[in-house]
Amino acid sequence: MKKLIIVLLILPLISFSQNLIYNGDFEKYSSLPTDNGQLMNCLGWNNVNLVPGYFFSNESVKGSPDYFHRLSVSKSVGLPNSSIAYVKPYSGDAIVGFCTYGTTTPPGFPVNSFWFMDNYREYMSSKLNSPLKLGVKYKLSFYISSGESNHIYGASSDRIGIYFSKEKLIQDSAEVINVIPQLEILNEIWNTSWQKYSFEFIPNKEFEFITIGNFYNDNQTSTSVVMSNPPVLPWSYYFIDNIELYEIDQTSLDIIEVNSNNKKLLKVTDLFGRETNPKNNEVLLYIYNNGTVEKRIIIE
């Protein structure tokens, strides 16, 4: 009589703490957006100059990231047909968009319109759920898209950066914030679908805020016009969704790496944790000294 042994390997739990980014999927809001420049409608997020809206007559221009939502009745910030591009959220109903590169006013456009300025920048910022810990490794990830079609902004750019700080950053109007981001997408990107970007890092300070945007001047930023037919504006704009920041438990990773080749069986239990002897046609857990567990089914 032959016996078939089915083994399912259960690795040690690689534990991650809670997401340190509050409302990283942008689903929570104080009110639905009704126009561009209303990032602060999204709970926990701001545009660092703390002025809502995007058009300001008789005063200096302001950087103004956009909050988009499926439930918005606005033609500008409703999804998937927004004024910037046709785009569906990576998940849920909401996303945020921000400009990373702008140039001077083309012929025929109003003077001093906010999106026609040298070094125009938009930043999105949030306070972390708890300060980062010194010497601990973290993983940051998010999804970026340029939109699927109907693009208004038609250029790619590099220099999408992530800056962690102990104090919140301040932008007086729409100028470049002069700091060096700890994390950065180095290449120019243009994604008509959602692309995931991930970073692992160890902070050197107990940072409490995260800010995302381009922290470099125009002459330090590389751009390329991607969509030129039909004509669109040669500026760079990106949608972002599902921002996550987790502490990585290195201990569990080390256990897997160091001990997986020298494991010794400690005990065999049933699914309720009771020690038992191997039996046919019963699901059993084989527990080893390196923390791994094998779920076995012996079928006779």
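Where a number appears in this text, it was derived from the coordinates with a stated rule and is not lab data. Note that this is a predicted model, so its numbers are computed, not measured. Please note: Cβ atoms are built from the backbone with ideal geometry, for glycine as well, and neighbour counts cover all protein chains shown.
Below are the figures for this structure:
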item	result
Charge dipole (debye, nearest 20) of the stretch 131-238; +1 at Cβ of Lys and Arg, -1 at Cβ of Asp and Glu	400 debye
Where the Cα pairs of the stretch 111-174 fall when distances are cut into 10 Å bins, in %	12, 37, 33, 15, 3
By average C-beta atoms within 10 angstrom, highest first, the peptides 165-175, 40-50, 25-35	40-50, 25-35, 165-175
